[in-house]
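Notes for the one structure printed next.
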Amino acid sequence: MTKKEWIRTFSKIAFVIYMIILVYFLLLSDGFGRTVRHDSFHYNLIPFTEIMRFVKYREYIGFDNVMLNLLGNVIAFVPFGALVRFVINRSVRCYEVVLYTFCFSLSVELLQLVAKVGSFDVDDLILNTLGGLIGYIVYYLIKKIDQLSDDVQGKRG
């Protein structure tokens, strides 16, 4: 198995494991109140409302909860942006990764709304999409470093 084939296979397996873990935490986890069903729909459609609320009331909410919500939504989608190209089996452009991440995040938010677990929050869409973009940038930088390394190795050999 070549290095490229090994990376592709490993990335696909990592993506499947990542998706299982992500779906669990976003839809099923007790720790995030996902098993408590609401009687009504909970949603926020005004951009940056929840983000600003977390920042404004950080002393009351607690630093850990602010970081969990804001950074957690970003960090949770970094692997999606980094690995999505391996699942699609072709190179993807930055705007495609942003679109795929947004669509996947929208699907999760809609599931939360319909299932009445958690809440639909446009701020989560923004933060999750930012995480996917960061993941793409990380993948792109690693790819460029790997190419530079291969170029240096080629000149030495």
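The values are calculated or read from the model by the stated rules, or taken from the named source; none is laboratory data. Owing to the predicted nature of the structure, the values given are computational and were not obtained by experimental measurement. Every residue, glycine among them, receives a Cβ derived from its backbone with ideal geometry; neighbour counts consider all protein chains shown. Note: areas computed on protein heavy atoms with side chains; ligands, DNA, RNA excluded. Shrake-Rupley method; radii C 1.70, N 1.55, O 1.52, S 1.80 Å.
Rolling a 1.4 Å probe over the protein heavy atoms leaves Asp30 with an accessible area of roughly 110 Å².
For the chain, the relative contact order works out to 32 percent when only alpha carbon pairs closer than 8 Å and six or more residues apart are counted.
Among Thr49, Thr129, the order of accessible area from largest down is Thr49, Thr129, computed with a 1.4 Å probe on protein heavy atoms. Rolling a 1.4 Å probe over the protein heavy atoms gives segment 14-100 an accessible area of 67 Å² per residue. Taken over segment 1-108, the alpha-carbon convex hull comes to 136 cubic angstrom per residue. Ligands, DNA and RNA left out, the accessible area of the chain computed with a 1.4 Å probe is 68% carbon and sulfur. Annotation: amide H of Asn44 within the under-5 Å range of Phe120, Asp121, Val122, sequence separation 5 or more or interchain, hydrogens built in the peptide plane. Tyr95 to Asp150: FRET efficiency via 1/(1 + (r/R0)^6), r the Cβ-Cβ distance, R0 35 Å, to the nearest 0.05? The formula returns an efficiency of 0.85 here.
When Tyr43, Tyr136 are compared by accessible area of protein heavy atoms, the largest-first order is Tyr43, Tyr136, using a 1.4 Å probe. Multiplying the residue separation of Asp39 and Lys3 by 0.36 nm and subtracting their alpha-carbon distance yields 7.8 nm. Positive end of the dipole of the chain (Cβ unit charges, origin at the Cα centre): among Tyr57, Thr101, Phe120, the Cα lying farthest that way belongs to Thr101.
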